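Some notes on the structure that comes next.
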Amino acid sequence: MTEKADLQTVLDRAAAGGRITPEEALVLYRDAPLHALGAAADAVRRRRYAGTEHIATYIIERNINYTNVCVTACKFCAFYSAPKDTAKGWTRDLDDILRRCAETVELGGTQIMFQGGHHPDYGVEYYEKHFAAIKKEFPQLVIHSLGASEVEHMARISGVSVDEAITRIHEAGLDSFAGAGAELLPARPRKAIAPLKESGERWLEIMEIAHGLGVESTSTMLMGTGETNAERIEHLRMIRDVQDRTGGFRAFIPYTYQPENNHLKGRTQATLFEYLRMIAIARLFMDNIAHIQGSWLTTGKEVGQLSLHYGADDLGSIMLEENVVSSAGAKHRSNRMEIIDLIRKAGRVPAQRATTYEHLVVHDDPANDPVDDRVVSHISSTAIEGGTAHPELKLLASN
Ligand code: SF4
């Protein structure tokens, strides 16, 4: 049998729902024709969502960046400020955070992502206080926030176990973890871009503890900082193995590195074809993860549309506010009407979803589309004034 026939055999098995090995995934990711890979992934998506396969989802949320002060100094990050750099560092007070929550509710948002640096003073108590205050005022908002890195950091600051930290912030109001900080899990690329972060094994261990305590999460991957194809597939394998044990990852969300304003400047970004191949191989390889999210924020709206034909079933969020990847150069902005239109033009029926992926509003009749153009993604003026953003972002923020 020729190599080509072997490849087709594996692709056919994957498309039919058979589990593929990491070695087979690497061959498909590297060598399968792009459209064949996408068609196989789309076949898997259609079968998984039989009956609702015509739908693609989005969510309305707000990222609330509570501080940019961080001791971890990841090399790819354009958002953080070192604690000693008092001219650049900023924090938000609780009133400011609650005001942002109120705006989110007013605009129909259902979820907040509390996201910030590893502040040297913020232990478990800080998160307990803020989550409890948010839930008291806005019980309808889902707090889908933080990740293993923040948990490791806050537990260390407070001198408690990770189990206790998770239990306490969950009881205070955290609903699920956003899976941030996964970056690249294999040791070599992780050390190269985030040398002070916990290891990939530890990131997964903390997620496994969280799943065991009833706190589900999503999972992510940062592509394009110089990792090899084999390391990308190893990242998927590490997550798939944990998922076999816990079932706690609701989604997998790859996104591409943005090269501005950070210490990795000049490194190659992942190409858009590599990104689409990743969406497809994730759908084929991660047969135990329900949702694969396409990204338009870092790759652009057209690629977001294409991702829906390469295995993605969700386009993520209309972020009423985003400052982290925007600080590194992500320039794409959108609004609710445009996302609905994008999904429809990609051949799907758009649906607004909840954090747990239930359909809240199915936009099956254009005559009933929402017309509120205030539901727009933007960058916070406070983050810009804080001094961390590129001048170009000031222009975007003022538009
Ligand atoms: S990615 Fe997060 S942990 Fe790393 S430097 Fe930026 S804010 Fe800090």
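The values are calculated or read from the model by the stated rules, or taken from the named source; none is laboratory data. Note that the structure is predicted; figures quoted are calculated from it, not measured. Every residue, glycine among them, receives a Cβ derived from its backbone with ideal geometry; neighbour counts consider all protein chains shown. The protein model used for the area step is the full one, side chains on, heavy atoms only, and it has no ligands, DNA or RNA in it. Shrake-Rupley method; radii C 1.70, N 1.55, O 1.52, S 1.80 Å.
Below, the figures for the structure above:
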quantity: Antiparallel content of DSSP bridges confined to the chain, in %, to 5; calculated: 15
quantity: Accessible area, probe 1.4 Å, largest first, for residues 268, 104; calculated: 268, 104
quantity: Spacing of the two label points (7 Å from each Cα toward its C-beta) at residue 244 and residue 287, in nm; calculated: 1.1
quantity: Fully extended contour minus Cα-Cα distance, from residue 367 to residue 163, at 0.36 nm per residue; calculated: 68.5 nm
quantity: Ratio Rg/Rh [Cα only; Rh per Kirkwood] for the range 153-277; calculated: 0.99
quantity: Cα long-axis angle, helix 94-106 against the chain (0 to 90 degrees, to the nearest 10); calculated: 50
quantity: For residue 231, net neighbour charge (Lys/Arg +1, Asp/Glu -1) across residues whose Cβ lies under 10 Å away; calculated: +1
quantity: Label-point separation in nm, residue 129 to residue 202, each point 7 Å along Cα→Cβ; calculated: 2.6
quantity: Residue 21 accessible area, assembled protein chains, probe 1.4 Å, Å²; calculated: 60
quantity: The chain, accessible surface, carbon-and-sulfur percent (1.4 angstrom probe); calculated: 54
quantity: Estimated Rh, the range 272-311: Kirkwood, alpha-carbon pairs, angstrom; calculated: 10.0
quantity: Accessible-area order (highest first, 1.4 angstrom probe) of the listed residues 170, 35; calculated: 35, 170
quantity: Under 5 Å, built H, 5+ apart or other chain: amide partners of residue 113; calculated: 62, 63, 64
quantity: Under 13 Å, Cβ to Cβ, from residue 118 - net charge with Lys/Arg +1 and Asp/Glu -1; calculated: -2
quantity: Restraint check, 129/191; 75/301; 135/345; 129/197, Cα-Cα greater than 30 Å; calculated: 129/191; 135/345
quantity: Nonlocal amide H pairs with residue 194, under 5 Å, H built at 1.01 Å; calculated: 75
quantity: Rg/Rg_globular for the range 3-70, with Rg_globular taken as 2.2 N^0.38 Å and Rg from C-alpha atoms; calculated: 1.62
quantity: Value of Rg to Rh for the chain (Rh from inverse mean 1/r over Cα pairs, i.e. Kirkwood); calculated: 0.95
quantity: On Cα atoms only, tilt of 162-172 relative to the major axis of the chain in degrees; calculated: 70
quantity: Distance from the range 167-182 to the range 276-320 (C-alpha centre basis), Å; calculated: 23
quantity: Size of electric dipole in the range 82-219: Cβ of Lys, Arg +1 and of Asp, Glu -1, about Cα centre, debye, nearest 20; calculated: 460
quantity: Unpaired by the 4.7 Å Cβ criterion, cysteines found in the chain; calculated: 70, 101
quantity: Accessible surface ranking that places the most exposed of 114, 138 first, with a 1.4 angstrom probe; calculated: 138, 114
quantity: Folded to 0 to 90 degrees: helix 124-137 orientation relative to the chain principal axis, Cα; calculated: 90
quantity: FRET efficiency estimate (nearest 0.05) - Cβ-Cβ, residue 46 to residue 213, R0 45 angstrom; calculated: 0.85
quantity: Principal axis dimensions, largest first and in whole angstrom, of the range 34-137 by Cα; calculated: 52, 37, 23
